[in-house]
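The values are calculated or read from the model by the stated rules, or taken from the named source; none is laboratory data. Note that the coordinates shown come from a computational prediction; the quantities given were computed from them, not determined experimentally. A quick note on method: Cβ atoms are made from the backbone with ideal geometry, for glycine too, and the neighbour counts reach across all protein chains shown. Remember, those area values only see protein heavy atoms, side chains included, never the ligands or the DNA or RNA. Shrake-Rupley method; radii C 1.70, N 1.55, O 1.52, S 1.80 Å.
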Amino acid sequence: MTKEELLNIIEEEDIEFIRLQFTDVLGNLKNIAVTPGQMERVLNKKYAFNGSAIFDDLTEYSEDLYLQPDLDTFVILPWRPQRGKVGKLICDVCTSDGKLSKFSPRTVLKIVTENAREKGYEFDITPECEFFLFHTDDNGNPTTVSHEKAGYLDVGPIDFGENARRDMVLTLEDMGFEIESSHHEKAPGQHEIDFTDAESLKAADDIVTFKFAVRSIAKRFGLYATFMPKPRFDQAGSGMHLKFAISKDGKQIFENDNQELTDDAKYFMGGIMAHAEALCAITNPIVNSYKRLSSGFDAPSSIDWAAKGEKSLIKFTNSFGERKIELRFPDPSANPYLAIAACIAAGLDGIENKISPEAAEEVTRMLPGNLNDAIRHLRKDEVICRCLGDELVKEYIAIKKNEWNEYMMQVSDWEIEKYLVKM
């Protein structure tokens, strides 16, 4: 879309607000709303904000940063009023000299995919995002309460969230998504909506927009949508499986003339497995992530791969002739730009250094048991650190170490119940 086309749409559609969106390093969606009169200024990369927002205000950063809208991401929000409509744009983050900021997660993914493209590789990614719908309290605050008892693929009336999920699907389609399917997941209140694949940058943009839309529609039903990996200890957690279709010089790498798994496909999986511990700091980035991975439900805990198996780290899928590598360990709390970038870098390292999955499985290895372990592995992994950029990794690790230390200082209800009387 050109600048002129965008300005014409804004005028013709009577759009009164445009939301300029980006994610911080942690994956939180940030937003600045402007009126049409400010769009010339915005499109000339002259809209500044306090740069500390790129770190969720958890790190001191004194310089201003600037928003550069990606015009192809423009969409009108269907749930907003039809008079005085609201549109949104996903933005790159730039420095004062107009260069892409090295601290912007979207920049990281752009650089990784461009480097891969120079080597002939392109990636189409199909995300599968699970989420919970919970009730809110009398003040509108989220709870972990769901009164339903529905399970995997159940239907209404036992599935209390059916109507909300239907409206989410219809809204997403209005926003340009092609929805493949939607269903109730295994835990009460848990749902999944699947949309079609896209090249890596658009896939990450789509995940960000998907989560924004799902939360917005849930609120209209008096519900709260959460992408927290493990909100209930006694139920399955939510994953964000990433299915990779990979091509080299325009040809899929997954099968040879005998319809067998090619060496490149195996090496890609081997690279993921070789870097799995460090990847977890990015793909499973919060304390709660490891409650899902160690829960004993369907989430993986060991570093392995299989053609079948719900608990494997990586699954090679062949559905209706479409061959993909499915990474089953990421969860939806991850920043999708950083998660996809890190997985691409790990997989390409496997291809370049011919790391076979069998070699990666020679010694049984488990995924990190907690966030602190994952951070320790990330700090030592040169491939993942180089992919993300040393300065971004330094700030990211500092934020995550503080998060871990804060968690370790807490005294939980479980500890009180377990030890108060006995000790």
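Taken together, the residues in region 318-344 that are more than 12 Å from the chain's Cα centre (by Cα) and open to solvent by 20 Å² or more (accessible area, probe 1.4 Å) amount to 7. Scanning region 52-84 for residues that are among the charged types (D, E, K, R) and over 21 Å from residue 395 (Cβ atoms), we see that the one that is modelled with the lowest pLDDT is 83.
The residues of region 134-146 that are in contact with a Ser or Thr (Cβ under 7 Å, 6 or more places away or on another chain) and open to solvent by 10 Å² or more (accessible area, probe 1.4 Å), listed by number, are 135, 136, 137, 142, 143.
Count, please, the residues in region 401-422 that happen to be without any contact (Cβ under 8 Å) to a residue 60 or more places away in the chain and either part of a helix (DSSP H, G or I) or open to solvent by less than 100 Å² (accessible area, probe 1.4 Å) (or both). Qualifying residue count for the region: 13. Among the residues examined, residue 348 qualifies as at negative phi, part of a helix (DSSP H, G or I), in contact (Cβ under 8 Å) with a residue 60 or more places away in the chain and touching a strand residue (DSSP E or B) at 6+ places or on another chain (Cβ under 9 Å).
Among the residues of region 125-151, those identified as under 23 Å from the mean Cα position of the chain (by Cα) and not polar (S, T, N, Q) are 125, 127, 128, 129, 130, 131, 132, 133, 134, 142. Scanning region 27-64 for residues that are among the aliphatic types (A, V, I, L, M) and closer than 21 Å to residue 85 by Cβ yields 29, 32, 33, 34, 39, 42, 43.
Limited to region 48-68, what total is found for residues that are surrounded by fewer than 19 Cβ atoms within 10 Å (Cβ to Cβ) and not in a helix (DSSP H, G or I)? Steps first, answer last, please.
Residues of region 48-68 surrounded by fewer than 19 Cβ atoms within 10 Å (Cβ to Cβ): 48-50, 52-53, 56-64.
Add one more test, that the residue is not in a helix (DSSP H, G or I), and what stays is 48-50, 56-64.
Within region 48-68, residues that are surrounded by fewer than 19 Cβ atoms within 10 Å (Cβ to Cβ) and not in a helix (DSSP H, G or I) number 12.
Results for (1) crowded, with 16+ Cβ neighbours inside 10 Å; (2) without any contact (Cβ under 8 Å) to a residue 60 or more places away in the chain; (3) more than 26 Å from residue 82 (Cα to Cα), shown as yes or no for each residue.
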| site | (1), (2), (3) |
| --- | --- |
| 149 | no, yes, yes |
| 155 | no, yes, yes |
| 174 | no, no, no |
| 180 | no, yes, yes |
| 191 | yes, no, yes |
| 201 | yes, no, yes |
| 206 | yes, no, no |
| 211 | yes, no, no |
| 214 | yes, no, no |
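Of a type outside the set (Val, Ile, Thr), open to solvent by 40 Å² or more (accessible area, probe 1.4 Å) and out of contact with any strand residue (DSSP E or B) (no Cβ under 9 Å at 6 or more places or on another chain): does that describe residue 27? Judged against the criteria, residue 27 is not a match. Within the set 71, 89, the sole residue that is more than 21 Å from the chain's Cα centre (by Cα) and open to solvent by less than 50 Å² (accessible area, probe 1.4 Å) turns out to be 71. As a summary of the residue check, residue 12 satisfies the conditions (1) open to solvent by 20 Å² or more (accessible area, probe 1.4 Å); (2) closer than 21 Å to residue 212 by Cα except for the one numbered (2). Do we have any residue at all in region 103-124 that's within 25 Å of residue 44 (Cβ to Cβ) and surrounded by fewer than 15 Cβ atoms within 10 Å (Cβ to Cβ)? So far as region 103-124 goes, yes, one or more of its residues are within 25 Å of residue 44 (Cβ to Cβ) and surrounded by fewer than 15 Cβ atoms within 10 Å (Cβ to Cβ). Does residue 274 meet the test of being open to solvent by 20 Å² or more (accessible area, probe 1.4 Å), more than 16 Å from the chain's Cα centre (by Cα) and without any contact (Cβ under 8 Å) to a residue 12 or more places away in the chain? Against the criterion (open to solvent by 20 Å² or more (accessible area, probe 1.4 Å), more than 16 Å from the chain's Cα centre (by Cα) and without any contact (Cβ under 8 Å) to a residue 12 or more places away in the chain), residue 274 does not qualify. Scanning region 92-102 for residues that are over 28 Å from residue 16 (Cβ atoms) and either open to solvent by less than 80 Å² (accessible area, probe 1.4 Å) or of a type in the set (Lys, Arg) (or both) gives 95, 98, 99, 100, 101, 102. For region 389-400, residues that are surrounded by 15 or more Cβ atoms within 10 Å (Cβ to Cβ) and closer than 17 Å to residue 56 by Cβ total 7. Counting the residues of region 354-400 that are of a type outside the set (A, V, I, L, M, F, W, C), part of a helix (DSSP H, G or I) and more than 19 Å from the chain's Cα centre (by Cα) gives 14.
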